[in-house]
Structures are given as C-alpha cells and as structure tokens.
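Shown next, in structure tokens, is the structure this report addresses.
The values are calculated or read from the model by the stated rules, or taken from the named source; none is laboratory data. These numbers were taken from a predicted model, which means no experiment stands behind them. So basically every Cβ, Gly included, is an ideal-geometry build from the backbone, and we count neighbours across all protein chains shown.
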Amino acid sequence: MGPQFVPGLELAAQFYADLVRPLLDETFPGLPHSAALLGPGSEVLGFDTARSADHDWGPRLQIFLAAEDAERAADAITRTLADRLPARFRDYPTRYTLSGDPDAAPVHHCEVAGLGQWLTGQLGFDPSRGITTLDWLATPTQRLAEITGGAVFHDGLGELGPVRAGLAWYPRDAWLYILACQWGRIGQEEAFAGRCAEVGDEVGAAVVAARLVRDMMRLVLLMHRRYPPYSKWLGTAFARLPIAPALTPALTGALSASNGRAREHHLCAALEATGTLHNETGLTEPVDPAVRFFYDRPFRVLDAGRFAAALRQAIADPRLRRLPPTGAVDQFVDSTDALGDIGFLRSVLATSLRPT
C-alpha cells in the first residue's frame, strides 16, 4: 500500500517549507531566491489524483535565482540539495525517473535556474522584458496555464509575481481577436453534421459534432478568461466553469446522439447558450443568439460568423484587426510534437504576422 495521496501543490509547499527553505537559509544565507511549482504537470493545474503519482510526480519545485546568481551558484545549490535532502518526503521519493524510463538519469526534486532563462525555455520569451503580439499568439494556452497556475511559495526576487500577473490574461484586443477566430472555427463546420447525417454518414456526423463540442468548450473557457488546457484536462477545466452544469447536458447530448435530428437539437441548444454567453460578456453589441437555417438547406445553425465579425469590429488595433482569421497557434496547430516546439511555433507565427 502506497502513501496517502497529497495534492502535488500541497506536497510541494510542505517540501519547501519543511526542508528546502531551511537548507537554503543555512547553506546560502542571504541569497535572494524565489520558489514555486510551475510548468508541466497535472498538479500545477490542480488536476492531479492518486493516479498521477505513478510517474513524473512527487515533492518537487523550482528555485529561481537572479541571472548573475544563477551563473555562479546554481550548480552548487543543486549539488547541496541533492546531497543533503532526504531520499523521501512524506513517503514519496524525492528523485524519480521521467516516464518510467529505467535508463534515464533520475530527475532531482529541485530545479535551480535563473528566472529569465527558465521562462524563456518554457515560453520562448522572457515576459519581464515585455510581451509582444507574437509572444501572445505563439504561446499555446497550455503553456500560459502552466506559468500562471501552480503556486509561488516565496518570491524573494520580487519578479515572479509581476511576471505571472502580466501573463494572467490576454490584452483586450488580442482576446477579441482570439475569440473571433474561435467563433470562426465553429462557423466553418456547424452545418456539416447535418449534411453528413443527410447522406447517411453517421460516423462523419458524430466526428463533426465532437469537433464542434471541443471548439465550444474552448470558446467558453476563453470567454471566462481561462486558458484552455490540452485535451486530457479540457473537460475537467470546463466542468469547473459556472456555466458548465447548464451547458453540459446539451454537449453530451450532441456527442451521444444516435441520429441527425437529435444531434442537431443538442448542438443548437449548445450554440444558442454559447451565443447568449457571448452577449453577457458585453464585448460587442448584442448579436442575435437564435439559430436559423443554413441558406436554403434544412440544417439549423447559429451562423457563428456573425459573432466573429462583431468581435473583429470591436478590435481597436488596426493591425490586429487585419490579421488572418487563423488565430493563436493552438487554434490551427493540433500536433503534440509541434505544440511542444516553442521555436517552431514562434517561427510559424512570425511568418503570419509579417505585413503584406
């Protein structure tokens, strides 16, 4: 029987307070540092369970130093922590092998790095030096959630708090642009479920419905100023929204429907509720949230492009208003490998942002 499960953020906070901080104060007195648990990991977003503890999980955190201190002291601090911290804390190992690879070197309990260097590695830029449109659009929402989520246990540098506050949410015009592009995705496919069903393609109709449900969930999270996480945790994050109890029955109904009529009924209910939520944000003039027929075809749709157009019209920055309707990087890239390569993503977005 394993140790009693403790949520990772709670475990990390105790690990820092009980062991790491006293050791730092003893061996490196007066050295300014910040301590946090940020970056990848289900515990950072508060989604971890006992199942999470079976790999890449345990008492861990980051120790951040000023750039000049990191250059001269990071290795010494890492060695000291590795040598003097116990092998287990609250019955969890403080060293573990990533993804269970027996040939991989153990990952230490504490990552020690310069704050700016670490942030650049995670995001592709150092937000303490300012955040550009490229930075916002080229950074996957999962990465933004990982930096603004988690927990800060100590901010002796006085920099981590302002950085996280600056990344807490998109600037207004960037938010409007991203919302417009998300509505645009829905508008491009909302008639396809009905058309697939009409020709007897129930599998195709179900696939389209699932895509629409996923896009609506991401859209509603964005409306609530929440960075949508990647697929494993999208439903969990959505379920924590105040609108989830009202909207979930229509979404699940669309996913489980066995025929085109039932599927359309549930999709329309979900789309109308999402359109109503848009109006409640007050970001644009009200847009009629009632469904209508798709041209002269017998498929009911919201005509989501109307919401996209209203949001674009509300953008004050003419450069952002002129951008192509592709949006932020994870609105048009759906490859795990691509989304994990920050340099690649930035090069893709830099190309799309060049003046024509």
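Some notes on this structure:
- Hey, ILE77 within 21 Å of PRO32 (Cβ to Cβ) and either at pLDDT 95 or above or not charged (D, E, K, R) (or both) or not: yes
- Residue list for segment 130-165, filter: without any contact (Cβ under 8 Å) to a residue 12 or more places away in the chain, in a helix (DSSP H, G or I) and either crowded, with 21+ Cβ neighbours inside 10 Å or out of contact with any strand residue (DSSP E or B) (no Cβ under 6 Å at 6 or more places or on another chain) (or both): ALA165
- Taken together, ARG354, ARG297, ARG346, ARG263 contain a single residue that is over 24 Å from the mean Cα position of the chain (by Cα), farther than 23 Å from ALA193 by Cβ and not aliphatic (A, V, I, L, M), which is ARG354.
- Filter result for ASP330 (assigned to a helix (DSSP H, G or I), over 21 Å from LEU176 (Cβ atoms) and not hydroxyl-bearing (Ser, Thr, Tyr)): no
- Cβ-Cβ contacts under 6 Å between residues 6 or more apart (or on different chains), taken from a first residue in segment 240-251 that is free of Cβ contacts under 8 Å to residues at least 12 places away in the same chain to a second residue that is assigned to a helix (DSSP H, G or I) and surrounded by 18 or more Cβ atoms within 10 Å (Cβ to Cβ), are listed as ALA244/PHE238.
- Screening TYR295 on (1) in the same structural domain as ALA246 (by TED's automatic domain parsing); (2) part of a loop (DSSP other than H, G, I, E, B); (3) within 20 Å of ALA206 (Cα to Cα); (4) not β-branched (Val, Ile, Thr) shows it passes everything except condition (3).
- Conditions (1) crowded, with 19+ Cβ neighbours inside 10 Å; (2) farther than 24 Å from GLN142 by Cβ: number failed by LEU349: (2)
- Test: residue in segment 23-38 that is under 21 Å from LYS232 (Cβ atoms) and either among the basic types (Lys, Arg) or under 30 Å from the mean Cα position of the chain (by Cα) (or both): yes
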